[in-house]
1. Can you name the residue in the stretch B:264-283 that is of a type outside the set (A, V, I, L, M, F, W, C) and more than 20 Å from B:Leu135 (Cβ to Cβ) and is also surrounded by the most Cβ atoms within 10 Å (Cβ to Cβ) among such residues?
2. Tell me the residue from B:Leu177, B:Leu230 that is surrounded by 18 or more Cβ atoms within 10 Å (Cβ to Cβ), within 14 Å of chain A (Cβ to nearest Cβ) and either modelled with pLDDT under 90 or under 15 Å from B:Val129 (Cα atoms) (or both), please.
3. With respect to B:Gly267, determine if the residue is among the small types (Gly, Ala, Ser), under 30 Å from A:Trp252 (Cβ atoms) and under 17 Å from the mean Cα position of the chain (by Cα).
4. I'd like to verify a number: residues in the stretch B:64-85 that are crowded, with 24+ Cβ neighbours inside 10 Å and either among the aromatic types (Phe, Trp, Tyr) or more than 22 Å from B:Ser202 (Cα to Cα) (or both), how many?
5. Out of all the residues in the stretch B:234-249, which are among the β-branched types (Val, Ile, Thr) and surrounded by fewer than 19 Cβ atoms within 10 Å (Cβ to Cβ)?
6. What do you reckon, is B:Arg74 at pLDDT 90 or above and either in a loop (DSSP other than H, G, I, E, B) or within 14 Å of another protein chain (Cβ to nearest Cβ) (or both)?
7. Of everything in the stretch B:310-321 that's out of contact with any helix residue (DSSP H, G or I) (no Cβ under 6 Å at 6 or more places or on another chain) and in a helix (DSSP H, G or I), which residue is surrounded by the most Cβ atoms within 10 Å (Cβ to Cβ)?
8. If the requirement is being over 26 Å from B:Gly328 (Cα atoms), away from every other protein chain (no Cβ under 14 Å) and without any contact (Cβ under 8 Å) to a residue 24 or more places away in the chain, which of these qualifies: B:Val141, B:Val44, B:Val52?
Amino acid sequence: MKSKTALYIIAFVFLLPIFGEHVAAESQAVRMITDMAGRQIKVPDPLTRVALFGGPTGQIAYILGARNQLCAVTSTLRGSDLVLAFDPSIQKLPAPRSTSGHVNIEELLAADPQLVIAGTFDGTIVEKKTRIPVAYTESNMNHGLDLLKREMRFYADVFQKQARAEKYIAYLEKTISFVRSRTKNIPQSERKTLFNGYGPNHLVTLGGDTFMHERIETAGCIDAAAAISSAGVKEGLHSGLTEMSMEKILGWNPDILVIDSGNPVEVYKDPKWQSIKAVQNKRVYKQPVGVFIWDRPTAEAAVLYPLWLAKTAYPERFKDVNLVKEVQRFYREIMGFNLTRELAEAVLAGKLGIRFVGNSGRK
Amino acid sequence: MQSNKKTGIHLNPVKLQIFLVLLLAGVSTAALMAGQLRIHPYEVIRILLSGVFPIEKTWSPTLESVLFDVRLPRLLAGLLVGAGLSVSGAAFQGLFRNPLVSPHILGVSAGAGLGAALAILFFGKIFMVQLFSFLFGLLAVLMTYSLSRVYRTTPVLMLVLSGMIVGALFSAATSLLKYIADPVNQMPSIVFWMLGSLNNASNKDMIIAGPVMLAGIIILLLIRWRINLLAMGEEEARSLGIDTGRIRAVIIVCATVISASAVSISGIIGWIGLVIPHIGRILVGPDNKKLLPVTTLIGAIYLVVVDTIARTAIESEIPIGILTAIVGAPIFAYLLRKNRSGW
């Protein structure tokens, strides 16, 4: 008698998950999506709770108008001054992934996503530890425009916002071909050499095998670091970045220097930089910051960085372009952010920041 | 002869020192001529001499800037950091009577690391990074020193233990900062800094930190015979009427100031302070009177050579902290195999 009861209990316990799954499957429609790695993933339809893990891709939520379909984002998106100005509620979303490889699984489970969209490294962690389906993105530092368009269409497929994605892609193509039409005729002898000098010492840069090369060429400039390859992943460092020696930069003698920390006045005063043309001609610029910093393969920077650089390098060829108005127009038409004049100027001056509250947990 | 073989090579220290000085001069000259930009050696000499003598300037200001603003301060930084870390390592190994001790044992690099990370987080300026790493390096050693005095039986052991405690605390705080740092720009800056590099050395750094490091090195060299007395052991030295506490304090202050300055210029360069003294010991034996000058010279030569590789081998910079170990470990293994180091 006793053993029979035990048998029933065991059978019940074992059968329970089967019933559970059956019920879930019946109540919700599913559809198949193909991720960027080419894998087929079954996801609930409609998707209302998606967790975004990719570093710079969070802005896709606004570009596609899919903000309400998100249940978790990255801390970079949550801390962005520009996003907070228009969507303060973003702070209420959890950010289970802090930096690459650090995923707070419990926080992720608490957010209860139907789908996680992540890069290979973070995605593997989620797949190993949870049953949440993972769609892999393909993001690397030699992320050209073609990959960006593919990425945009993949997200559009996930969120079912194809029209918005095509609107962005058309905007991107129009801007790039406008910039190219103005810069393609610049004679080689008049082209300006540009060096992106990041970090406090302005010596860390993106090599010629990264997405930055394409942007620099679109703007009609010569990429000083063209021969440097840095796209590989380096342990503990952001892939794509590498440090150059000062001497190399003295040898390149760039006409334009773009920095991301400090300010141009400090560079003008530094004796080491004195013999460089960019310093002598006072052509050191601080890189703009929008939703995210513009030296990353993001959707906003793919459009605006080449335009900004082209106008900055060749103001006489872009007299009719008002960068403040262009910035306002992009964020209004594509992301639905109505920037005031002051805010657009702050974007261009690199005055906005990404505030890091901490990697995890709500503020 | 037989006994010498057991405890290293024991070269004639005078001849060895002359040889090392000549080698140092040769290596330094070569370092000034090598670089990412090809400048003809004759041109290098002319530009350098133009700093002292009135020579007509037929070269571009860029070349002058390369030599006077980049290669020269970098060479000086390499010489001083290499010499300073090695001589403090040798002094500490004598003081603690332990061959596994490096100048970082009292927590100076852990402290400097935290200072640098804080400065990168809040200021993002090179000068502040250097200042903070220097001050926090000193702070860490001060904490180690005061902690070691709470329990006064075997001060040397307590110093090592306190150093471990303070080092662990500061390292954990640095890891915490790295964890909350902006993963986009600040984190890579902290990581680059931790790997060590002489790429940021400037003339201003050398004017401020150079004399301090030089003074520390000279004091350690002047009191080198007293380190021998400490090596006899606390009681024996005291019975000879020597104030061991004061010598210990002088050595700690000098080594700390040297390594904190070194770290503030170059980031954390490990291995040198640990291993160069052993190489010196293989060559001249454990007597600190001979060992310290030889170690100073070898350290300077070694870091200049490694830094020249770091800045010329590939197109971007190789972090020097990685190279010092990659280049140094096989050399050390070879020497160990060939000669048994007398300790």
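1. Quick first cut of the stretch B:264-283, residues of a type outside the set (A, V, I, L, M, F, W, C) only: B:264, B:266-267, B:270, B:273, B:277-278, B:280-281.
With the extra rule that they be more than 20 Å from B:Leu135 (Cβ to Cβ), the set shrinks to B:270, B:273, B:277-278, B:280-281.
On the way: B:Gly270: 18, B:Gly273: 31, B:Pro277: 34, B:His278: 20, B:Gly280: 30, B:Arg281: 28.
Per the criteria, the residue is B:Pro277.
2. Details: B:Leu230 fails: within 14 Å of chain A (Cβ to nearest Cβ).
Every option except B:Leu177 fails the conditions.
3. yes
4. Total satisfying the criteria: 0.
5. Within the stretch B:234-249, the subset among the β-branched types (Val, Ile, Thr) is B:242, B:244, B:247.
Residues satisfying the conditions are B:Ile242, B:Ile247.
6. Values: at pLDDT 90 or above: yes; either in a loop (DSSP other than H, G, I, E, B) or within 14 Å of another protein chain (Cβ to nearest Cβ) (or both): yes.
So B:Arg74 passes the test.
7. Within the stretch B:310-321, the match that is surrounded by the most Cβ atoms within 10 Å (Cβ to Cβ) is B:Arg311.
8. Working: B:Val141 fails: without any contact (Cβ under 8 Å) to a residue 24 or more places away in the chain; B:Val44 fails: away from every other protein chain (no Cβ under 14 Å).
Matching residue, one of B:Val141, B:Val44, B:Val52: B:Val52.
The values are calculated or read from the model by the stated rules, or taken from the named source; none is laboratory data. Computed from a predicted structure; not experimentally measured. Here Cβ is always computed from backbone atoms with ideal geometry, including for glycine, and neighbour counts include all displayed protein chains.
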